[in-house]
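Encoded as structure tokens, the structure appears first; notes follow it.
What follows is calculated from the coordinates using simple rules that are stated; it is not laboratory data. The structure displayed is predicted, hence computed values, not measured ones. Note that each Cβ is placed from the backbone with ideal geometry, even for glycine, and that neighbours are counted across all protein chains shown.
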Amino acid sequence: MRRPKHNVLLIVEGAKDEPRLVDSLFKAFAHDEEWLIHLYGTVIHDLVAKINSDYDGDYDNIEIRKVLVEMLPDDQQAKRDRLLYTKFTDVILMFDFDPQDDRMDIDGLRKMQSSFNDSSDTDKGLLLINYPAIESVKEAAALPYEVYLETFTQMSDIDSYKQIVNQTISGYSGSYGNFATYGAGLLAKAIANTVGKVQHMLDGLGIEETFPFTHAGSLSDCCWNISLTDLLDFQIREYTKNGRVASCGTGPFFIAGWKRSLDGAWKAYYGD
């Protein structure tokens, strides 16, 4: 059997939205390349707790697959073997921020975000956090940019966030509720709007100076230039000081390396 060019270990909390999003991203931007997604379910706070307790918080020198194997029940030997012996090309960890979870370890999250920064490093992988949850990608796709730019979720609404987003996006024409229906143009729009929001929040750019307005340069390059660690620090400050989280989904950012496909989809979407 021929091995697919992209053999991806996807470590997520959700069993529906995250795999659908990743599958749509590959369909839209990988073109004729083959891919296979291996799904592993866990929660980021459990993973952080495991690394802290059993590996002394040494995020730089662990093999994530071995950690995951240790978290599996003894009766799942087939899954253990698949994790240990499959030759993965990429490891992607895509999680919700979930600041309302009592187990959240801010220091551990920071260390993990700093160390897990490359999907092709299959010892660790690339950590992508959706703030406050994956529905923020739907907001980036559906909401007018000026509205999305100022969209924050108060801690009092976190538990109802998914329902709030689904109700909000239903008011806009288009199909935004199911990632399986997202094509290259809509995905490029969501990525561009997220990039612009990060530029606005972290770099202090005015709305007309952000990428979705200027269209200056490469969308792929703009993704690469974003510090996910700085974004995490910004969200932690908002959460601890102001009791809110900025809606901002970085889940799609793993395709930033596919420059020709992503930039081409963005230009086609806006007719540049």
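Over region 6-270, what relative contact order in percent results from Cα pairs under 8 Å that are six or more residues apart?
Value for region 6-270: 23 percent.
Among the listed pairs LYS124/LYS241; LYS111/LYS189; LYS124/LYS189; LYS66/LYS87; LYS162/LYS189; LYS138/LYS197, which have their C-alpha atoms separated by more than 23 angstrom in this model?
LYS124/LYS241; LYS111/LYS189; LYS124/LYS189
Limiting things to C-alpha atoms, what are the Rg and the maximum Cα-Cα separation (Dmax) for region 142-216, in angstroms?
Over region 142-216's Cα set, Rg and Dmax evaluate to 13.5, 38 Å.
I want the antiparallel fraction of DSSP beta bridges within the chain, as a percent rounded to 5.
25 percent
Would you pull out the residues with amide H under 5 Å of SER119's amide H, same chain only if 5 or more places away, H placed 1.01 Å from N?
LEU126
Classify region 86-196 as rounded, prolate or oblate, taking a ≥ b ≥ c as the square roots of the eigenvalues of its Cα gyration tensor: rounded when a/c is under 1.5, otherwise prolate if a/b is larger than b/c and oblate if not.
Oblate is the answer for region 86-196, as a/c is 1.5 or above yet b/c matches or exceeds a/b.
If you stretched the chain out fully between LYS162 and MET71, how much longer would it get, using 0.36 nm times the residue separation minus the C-alpha to C-alpha distance?
Working it through step by step, the gained length comes to 30.0 nm.
Within region 125-145, name every residue whose backbone N is under 19 Å away from a label modeled 7 Å from Cα of ASP54 along the Cβ vector.
125
When the Cα centres of region 1-79 and region 129-198 are compared, how far apart do they sit, in Å?
Region 1-79 and region 129-198 have Cα centres spaced 24 Å from each other.
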